[in-house]
Amino acid sequence: MYEDLRSYLSFLEGQGQLLHVHQEVSPEFEIAAGIRKTSDIAGPALLFEKVRGYAGWRVLGGLFATRKLVALGLGIPEDQLLERYLTLEERRIEPELVQSGPVKEIRWTGNDIDLYRLPIVTHSEKDVGPYITIGIQIGKDPNTGVRNVSVHRMLLMGKDRLSLWAPPDHHLGRMILKAEDQGKGLEVATAIGVEPAIIVGSQAKVPMGVDEFYVAGGLRGAPVKLTRCETIDVEAPAFAEIIIEGVTVPNERIADGPYGEYPGTYSESKQAPVLKVTAITMRRDPIYQTALTGMPVTENHTLIEYANSAVIYREVKKIVPEVKAVYMTPGGTFRHHVVVSIKKRSQEEARNVILALLSLGLGLKQVIVVDDDIDVHNPVEVEWALSTRMQPDRDVIIIPRLACSTLDPSVPAPRVSAGWGIDATIPLAGREKFAKVIVPGVDRVNYISSKN
Ligand SMILES: Cc1cc2nc3c(=O)[nH]c(=O)nc-3n(C[C@H](O)[C@H](O)[C@H](O)COP(=O)(O)O)c2cc1C
Ligand SMILES: [Mn+2]
């Protein structure tokens, strides 16, 4: 359990998973290029010590560039991540309100507010501009007052203006619309540079009305410490590096995008709500954190994988109690493609699994179901199951035109996608002819090892 980002970074350093970059870098592309490279080579998180034009600032990137880093952030062995996450996600610990915290060391209000003094990063070639990409947004439901915690990118639009890409299929987007129904803006705090459990907790797929700080508390095994904002009635992490306070401007929208998105393609320019900044508070010598999104795998993918896999696992378990594993594949952007292994007891249950998952609206496009002797994490084994246990005319299901949340550029219309599923399980009758060829005694061969 880490009190703040800085104590986590010290821990990472000890693990050889944090690299200090002393070479001067520009916030335009050069920081993102470093994150791209470390993501591609499964390297360490990067702390840029010298950012051109931003003396006194350090920029952290790639904090979750690999699954290994997510595992370290949660203190869970990598091979047990999903299993442990499933339990921890259900544990709720109430946040604790504290008087103040390090994030209040420096306060900018009124004319002092100037977002141009923050080293906001431009990431991908065709991005329209610099985006804050891993701010934790906190808002309260205008009807119930219940907090919501999530991550939405924000485009730098002026000294005290940002876009806020929170569409209505996300809770914050809905809350912005609810406030507009009442003729009001929504007060939103954005915390940058918080400890890992808060970031992972913000991605939990819990219903609207569940405060994700309770989930984050469960993940870290201790309450998240919150403190009141200066200019808005919202509480935000007291140990954050930076908090941006603001209010959305009712009924105003601005063009946001293009932006390099999780499918590895650009999202087009869209109309996004606008946030007017009312205060910025921060620690001394602040660390600004950015995150890369784009071609898989990036931290945007690794952070969402477990929350999505948990939803899928629970859904499959309702149909097949003996679900063995689920794996959202990297090439499938950790969102479009999933492989599920089950211990089948009833001939057609894989078909029910396919229909259930495609109908979730999560953005799933391809569901492959295999038997429990196939390792879902091994693409060769999965393909082997397809090549020896499946007949396309009998075992493929294609469903046209499903409502679904996706940025897949191949879809025929926004929020619509076809889905397909492949039942690659062995028929219950006549299993013998599918038996794997096995050579006895391989586990007793001790004169060579895979390390050779
Ligand atoms: C690095 C990162 C960037 C993200 N950017 C956005 C974004 O710009 N817009 C968005 O709607 N969701 C974005 N998300 C996903 C949401 O934060 C996520 O779906 C969250 O669970 C939504 O919360 P909610 O269930 O309370 O609506 C991002 C996630 C990560 C990890
Ligand atoms: Mn929510």
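The values are calculated or read from the model by the stated rules, or taken from the named source; none is laboratory data. Please read these numbers as outputs of a predicted model, since none were measured by experiment. Cβ coordinates were reconstructed from backbone atoms using ideal geometry, including for glycine residues, and neighbour counts include every protein chain displayed. Ligands, DNA and RNA are excluded from the accessible area calculation, which covers all protein heavy atoms including side chains. Shrake-Rupley method; radii C 1.70, N 1.55, O 1.52, S 1.80 Å.
For A42, only one of the following conditions fails: (1) in contact with a Ser or Thr (Cβ under 6 Å, 6 or more places away or on another chain); (2) in a helix (DSSP H, G or I). What is its number?
Just one mismatch for A42, condition (2).
Given the condition of a type in the set (S, T, N, Q) and within 15 Å of ligand 1 (Cβ to nearest atom), answer yes or no: does some residue in region 150-159 qualify?
Here is the first cut: in region 150-159, the ones of a type in the set (S, T, N, Q) are 150.
Then drop every residue that is not within 15 Å of ligand 1 (Cβ to nearest atom), which leaves 150.
Looking for residues that are of a type in the set (S, T, N, Q) and within 15 Å of ligand 1 (Cβ to nearest atom), one finds at least one in region 150-159, hence yes.
Taking the conditions exactly as written (of a type in the set (G, A, S) and in contact with a strand residue (DSSP E or B) (Cβ under 6 Å, 6 or more places away or on another chain)), does G34 satisfy them or not? Steps first, please.
Values: of a type in the set (G, A, S): yes; in contact with a strand residue (DSSP E or B) (Cβ under 6 Å, 6 or more places away or on another chain): yes.
Yes, satisfied.
Could you tell me which of the residues A240, A197, A236 is open to solvent by less than 10 Å² (accessible area, probe 1.4 Å) and within 15 Å of ligand 1 (Cβ to nearest atom)?
Being open to solvent by less than 10 Å² (accessible area, probe 1.4 Å) and within 15 Å of ligand 1 (Cβ to nearest atom) holds for just one of A240, A197, A236, which is A197.
Name the residues in region 260-309 that are in a strand (DSSP E or B) and open to solvent by 20 Å² or more (accessible area, probe 1.4 Å), would you?
Selection gives Y266, K270, Q271, K276, T278.
Please find, among D114, D141, the residue that is of a type outside the set (S, T, Y), away from ligand 1 (no atom under 13 Å from the Cβ) and farther than 15 Å from L164 by Cα. Spell out how you get there, then give the answer.
Numbers: D141 fails: away from ligand 1 (no atom under 13 Å from the Cβ).
After applying the criteria, what remains is D114.
So which residues in region 120-170 are more than 21 Å from P196 (Cβ to Cβ), crowded, with 23+ Cβ neighbours inside 10 Å and either within 13 Å of ligand 2 (Cβ to nearest atom) or modelled with pLDDT under 95 (or both), if there are any at all?
Within region 120-170, G139, A166 qualify.
Of all the strands (runs of 3 or more DSSP E) wholly in region 130-228, which have at least 2 residues that are β-branched (V, I, T)?
Working: elements: 136-140, 147-151, 154-158, 161-163, 187-192, 225-228.
Output list reads 136-140, 147-151, 187-192.
I need a count of the residues in region 360-375 that are touching a Phe, Trp or Tyr at 6+ places or on another chain (Cβ under 9 Å) and under 23 Å from A418 (Cα atoms).
Total meeting the criteria: 3.
Quick test for you: out of G221, G246, G185, G260, pick the one residue that is at pLDDT 95 or above and under 19 Å from the mean Cα position of the chain (by Cα). First the steps, then the outcome.
Working: G221 fails: under 19 Å from the mean Cα position of the chain (by Cα); G246 fails: under 19 Å from the mean Cα position of the chain (by Cα); G185 fails: under 19 Å from the mean Cα position of the chain (by Cα).
Just one listed residue meets the conditions, G260.
Given the conditions (1) away from ligand 2 (no atom under 16 Å from the Cβ); (2) within 14 Å of the chain's Cα centre (by Cα); (3) at pLDDT 95 or above; (4) closer than 16 Å to K365 by Cα, and given that V311 satisfies all but one, which numbered condition is not satisfied?
Going through (1) away from ligand 2 (no atom under 16 Å from the Cβ); (2) within 14 Å of the chain's Cα centre (by Cα); (3) at pLDDT 95 or above; (4) closer than 16 Å to K365 by Cα one by one, V311 breaks only (1).
Yes/no matrix, rows are residues, columns are (1) under 23 Å from the mean Cα position of the chain (by Cα); (2) small (G, A, S); (3) crowded, with 21+ Cβ neighbours inside 10 Å:
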| residue | (1), (2), (3) |
| --- | --- |
| E315 | yes, no, no |
| A325 | yes, yes, no |
| H336 | yes, no, yes |
| R351 | no, no, no |
| I368 | yes, no, yes |
| D372 | no, no, no |
| L386 | no, no, no |
| Q391 | no, no, no |
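In region 134-181, which residues are closer than 16 Å to D233 by Cβ and basic (K, R)?
Passing the criteria: K140, R147, K178.
For region 76-98, which positions are open to solvent by 60 Å² or more (accessible area, probe 1.4 Å) and under 16 Å from G217 (Cα atoms)?
R84, T87, E90, R91, R92, E94, E96, L97
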